Amino acid sequence: MERKLATVLFADLVSSTEFVAGQDPEVTRRRVTTFFDGVSRCIETHGGTVEKFAGDAVMAAFGIPLAHEDDAERAVRAGLGILDLVNELGLQARVGIEAGEVVVDETDSTFATGEAVNVAARLQQAAAPGEILVGDAAFRLTQGYIEVEDAGPLELRGFRNPIAAYRALAALDGQPALPKISAPFVGRESELDLLENTLARTIRDRRPQVFTVYGEPGVGKSRLIREFLAGVEGTTILSGRALPYGEGVTYWPLAEMVKSAAGITDDDPMETAKQKLIECCGDEAIAELLGLASGVMEAVEGERGQPEIAWAAREFADELADVQPLIMVFEDIHWAEEPLLELIDHLAQWVRERALLILCLARPELLDVRPGWGGGRVRSTAIELEPLGRADSEALAGALLEEHQVSEHVRSRLLDKAEGNPLFVEETVRMLLEEGADGDDRIPDSLQAMIGARIDRLPAGAKIVLQRGSVIGRTFWAGAIDHLSPEYDSAELEDMLDDLLLRDFLTREERSTISGESAYRFKHVLIREVAYSGLSKSGRAEYHTRFAEWLRERADKELLEIRAYHLDQACALYAELDGHAPEELARTAAKALEAAGKRALSLESNQSARKLLLRAAELEPTLQRRFLAARAASQLGDLPVVRDEVSVIAEEAAAAGARDLQSRALTALSETVASLDGELGRAAELADEALEVVEADDHEGRFSALDRRARVARWMGRLAEAEEFEQQALEAAQAAGRKDYEARAALQLAGIHIGRMEEKKAEPLIDRALELAEHSGSIVARASAAQSKGTLLRVRGDYEQAEGWLTKALDLYREAASVSEIAWTSRQLGIVAWETGNAARAEKLLRESIRLLAPMRERGTLCESQRYLAQLLLQQGRLDEAETYALAARETVSPEDIVSRATTRVALAQVRAAQGREEEAETLFKEAIEIVGGAEHCRILLDVLPPYAEFLRALDREADARALEARLAERVPTAA
């Protein structure tokens, strides 16, 4: 079967029963035969095919078996001809016409099925005698060619919603059709000058520049950049394209650049590729991270993520740009996932003192998802390529046509329809040159119809190759086509590919990502899309499956995400056709999707990971896949979903005896219950359950459960308990050989000592974590250690150094795009600013912290930022605002959070005191003291007792104030 864009016509005689009544049978037969012969002739003259006669009705299709770019116009003209014919016979007819996708059986290429057939039939029934009703799709395809009037939405039998309809009145003056080519570069001189000036400024200033070119498909974005790059010398040029599938190929453009720079092909053995990458980068840590992003190295779950890859990409670009100016071209970034857009931002912001020009090509749709793209950045330029002006379009068409003779009318219609889109001009001229300007063919009104007509006119073999190549993607390989086409030998396929090159359907890629394979590329993505749309869904499913088989043999691990995509597409198509995918195919697809999902998870491409893993679990459910999908959701901050999913997984894992998964699910549930619900007691119980079931040799699972248990205990103010669990977590991290886990444990232990005011014990732990983080190359680890160092210095009163370390941590977290940690560090910097007398900066930082945390529903951190802001505003005399934030903090705090239950009460007590509500204030102060009465967290007393003493002195209760200070000195000697 084949799918085609076609236009369907139904015509029916009006009152045929009355016409036959009382007539001589021979006369009736002769007149009816004359009618049918005339209708057939009219349809065939306009390039249509009569599908069937039924009684006194006729059905015809235009675009079957051979498509024309103006099939809809031909159908309406045929309909008008039919009305003229029946008028001459003294009869009347009604006609309905609609265009759309239909399916044609290969054994009977004239029999079409599809919604367009049903709409055309119903329009014919709704038409008045002597009337032609045209559906919406056919109307859009014939605008400017047929005079119509609105017939209003019609209620048609069998359709739930009204159908738009138009009454065809007459054909407008037409034109002949046109003869072949390579388009010159015209009409973009100012844009080219701007690019050249931007590059010159980049080289002169040695500062990165981002240059974004927006434009609709076919408007000439890629051609502009090609022309610009052709004139560039002494510069390294790397390019990569974001893929339209967008699943599991987050860093594809970066991968293309890295592989190109390192000379890596996709079928290089892993060790060979790794060695090439190390030699290119000159640094094993950078090579490892770029290897993960490009699929050159195996992904290790949880090992590296988006921040580290961004850092490695920056170092990679920095090294190349140090040698000579570097141009990085990111094409089609409207298809890019968020991590890639963040990476581009990261490069622009963090590469320093280098001549780096980042070129981004995008459709305007990018601004739908990134309205501020390029905004707020000093060294950023964006232009939108508008359609060519009339003069430039004429110059382009004239150059393409060269000595071919076409009438001025044809040339004018061509330019009118192209509307300045260079690809439209080029493809339309090519069609005309191929078909000849003899008047049989019209200039296409739709690019899809035009390309579909060109494809239909290919030799059968070339068309098959084009369609099968379209299954693979924008770029495909000759070897893959060979695998998909066993009915042809290699020599025949090579001839067909050469034919497609000559006809400008394809271009040859200068470099193939799979060694030993010739690579071809569709000249425009729309050509690929139209070719793909012509395949039946069963054919698509078959070729997706077979291409995945070929990938498994040629470049399985390197192109894992692509293979998973094709297997998934095959399953989806079979499910649509048959209700389910073949069992073995579904199993194979699920395994590939799981592997791709794990890789995406390790790279912190969490949206992709979530989609891939959910799909894997849908095709073949397993606890492992469901848990990994829940982990991805956790990283995305979808805590209610995570809680629901991991609670079920924990139960099912227990029933199945899967202790490793049960332990991990319980740990994840503990984290969710603590963060989302604030139920710290329940969170502790869940972490304890995880420890009970974790396998003895599962050191990573044991670390996660112990670390979670320690964090809950610390949150509850039980520092001795937290220290015991975290010490065990440290041992588990060392047993697992995970330096990142070891650093986390060391920092948690340091935090416990700071809470006890044991700074001397905290300092060596933080220094050890700094050392581990530096060796690991992890941005997040370095940021966490710097943050802890800054916090330690702040509590010691060394504000200058504290600000330096905290600023370093904030910069690193921003590189990592770690929102919760950006918020936490902003709060710490706000406290430093407040304590050094810079209230305006303190307020700005605290408000930023709250803004970031509010959507995340992370109660512990948010309530502290709210209460600090309340106290700052109170100090400035802004009482109403202070009350708002103090109440918000008390509402946010978890009922089992010892520290924040006390601090938020103190903040509200201070507000109530300022409002003259002393009785309420003292009640709140006493509640705070009761909460922290026997707490191990000594430092919290500094936030509770001094404010209460100050309150008592304001009431002339000096003795009570001294008693509080004595109590503080007893518990915290350093405060005396």
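The values are calculated or read from the model by the stated rules, or taken from the named source; none is laboratory data. Keep in mind that what you see is a predicted model, and the values were worked out from it rather than measured. Every residue, glycine among them, receives a Cβ derived from its backbone with ideal geometry; neighbour counts consider all protein chains shown.
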Practice task
Scan GLU487, GLU517 and give me the residue that is at negative phi and out of contact with any helix residue (DSSP H, G or I) (no Cβ under 7 Å at 6 or more places or on another chain).
Solution key: GLU487
Handout entry: In the range 460-488, residue surrounded by the most Cβ atoms within 10 Å (Cβ to Cβ) [restricted to those that are in contact with an Asp or Glu (Cβ under 7 Å, 6 or more places away or on another chain) and not in a helix (DSSP H, G or I)]
Key = TRP477
Practice task
Report yes if some residue within the range 916-932 is assigned to a helix (DSSP H, G or I), hydroxyl-bearing (Ser, Thr, Tyr) and loosely packed, with under 15 Cβ neighbours inside 10 Å; otherwise report no.
Solution key: yes
Problem - From ARG160, ARG207, residue being modelled with pLDDT under 95, part of a loop (DSSP other than H, G, I, E, B) and in the same structural domain as VAL86 (by TED's automatic domain parsing) - result: ARG160
Problem - the range 489-504, residues that are surrounded by 15 or more Cβ atoms within 10 Å (Cβ to Cβ), outside any helix (DSSP H, G or I) and not basic (Lys, Arg) - result: ASP504
Completion exercise
From the option list ILE766, ILE850, single residue qualifying as β-branched (Val, Ile, Thr) and either under 28 Å from GLU721 (Cβ atoms) or not in a helix (DSSP H, G or I) (or both) is ILE766
Practice task
Inspect the range 804-825 for any residue being of a type in the set (Lys, Arg), more than 25 Å from ILE286 (Cβ to Cβ), surrounded by fewer than 24 Cβ atoms within 10 Å (Cβ to Cβ) and out of contact with any Leu (no Cβ under 7 Å at 6 or more places or on another chain) and give the result as yes or no.
Solution key: no
Handout entry: So MET1, is it under 47 Å from the mean Cα position of the chain (by Cα), at pLDDT below 85 and within 15 Å of ALA112 (Cα to Cα)
Key = yes
Handout entry: Those residues of the range 29-87 which are crowded, with 19+ Cβ neighbours inside 10 Å, aromatic (Phe, Trp, Tyr) and more than 26 Å from ARG457 (Cβ to Cβ), in sequence order
Key = PHE35
Practice task
Would you check which residues across the range 369-390 are within 19 Å of ARG223 (Cα to Cα) and of a type in the set (A, V, I, L, M, F, W, C) and list them?
Solution key: ALA382, ILE383, LEU385, LEU388
Handout entry: Single residue of GLY837, GLY804, GLY830 found to be farther than 30 Å from GLY737 by Cα and not in a helix (DSSP H, G or I)
Key = GLY837
Exercise for the section: Just name the residue that is modelled with the lowest pLDDT out of those in the range 342-370 that are farther than 20 Å from ALA312 by Cβ and charged (D, E, K, R). Expected result: ASP368
Exercise for the section: Would you be able to say whether some residue in the range 824-844 is under 36 Å from the mean Cα position of the chain (by Cα) and within 23 Å of GLU896 (Cβ to Cβ)? Expected result: yes
Fill in the blank from the handout: Taking the range 325-364 and keeping only residues that are on the phi > 0 side of the Ramachandran plot and either assigned to a strand (DSSP E or B) or over 20 Å from the mean Cα position of the chain (by Cα) (or both), one is left with GLU353
Practice task
Check whether at least one residue in the range 861-881 is basic (Lys, Arg) and closer than 25 Å to ILE779 by Cβ, and report yes or no.
Solution key: no
Practice task
Restrict the check to the range 775-782 and report whether at least one residue is modelled with pLDDT of 90 or more and either assigned to a helix (DSSP H, G or I) or under 20 Å from GLY830 (Cβ atoms) (or both).
Solution key: no
Handout entry: the range 746-763, subset in contact with a Cys (Cβ under 8 Å, 6 or more places away or on another chain) and part of a loop (DSSP other than H, G, I, E, B), residue farthest from GLU731 (Cα to Cα)
Key = MET757
Handout entry: Top-ranked residue in the range 537-568 [being assigned to a loop (DSSP other than H, G, I, E, B) and among the charged types (D, E, K, R); ranked as surrounded by the most Cβ atoms within 10 Å (Cβ to Cβ)]
Key = GLU558
Practice task
Sort through THR507, THR513 and tell me the only one that's β-branched (Val, Ile, Thr) and crowded, with 16+ Cβ neighbours inside 10 Å.
Solution key: THR513
Exercise for the section: Please go through the range 743-779 and pick out each residue that is more than 27 Å from ILE940 (Cα to Cα) and crowded, with 18+ Cβ neighbours inside 10 Å. Expected result: LEU772, ALA773, SER776, GLY777, SER778, ILE779
Practice task
May I ask you to verify whether ALA299 is within 21 Å of the chain's Cα centre (by Cα), surrounded by fewer than 24 Cβ atoms within 10 Å (Cβ to Cβ) and modelled with pLDDT under 80?
Solution key: yes
Fill in the blank from the handout: By residue number, the members of the range 871-915 that are under 40 Å from the mean Cα position of the chain (by Cα) and small (Gly, Ala, Ser) are ALA886, ALA888, ALA889, SER894, SER900
Handout entry: Residue match in the range 507-524 (condition: over 26 Å from ALA590 (Cα atoms), modelled with pLDDT under 90 and touching a Gly at 6+ places or on another chain (Cβ under 7 Å))
Key = yes
Completion exercise
Over the range 835-873, the set of residues at pLDDT 95 or above, aliphatic (A, V, I, L, M) and either assigned by TED's automatic domain parsing to the domain that holds ASP943 or crowded, with 21+ Cβ neighbours inside 10 Å (or both) is ALA842, LEU845, LEU846, LEU869, ALA870, LEU872, LEU873
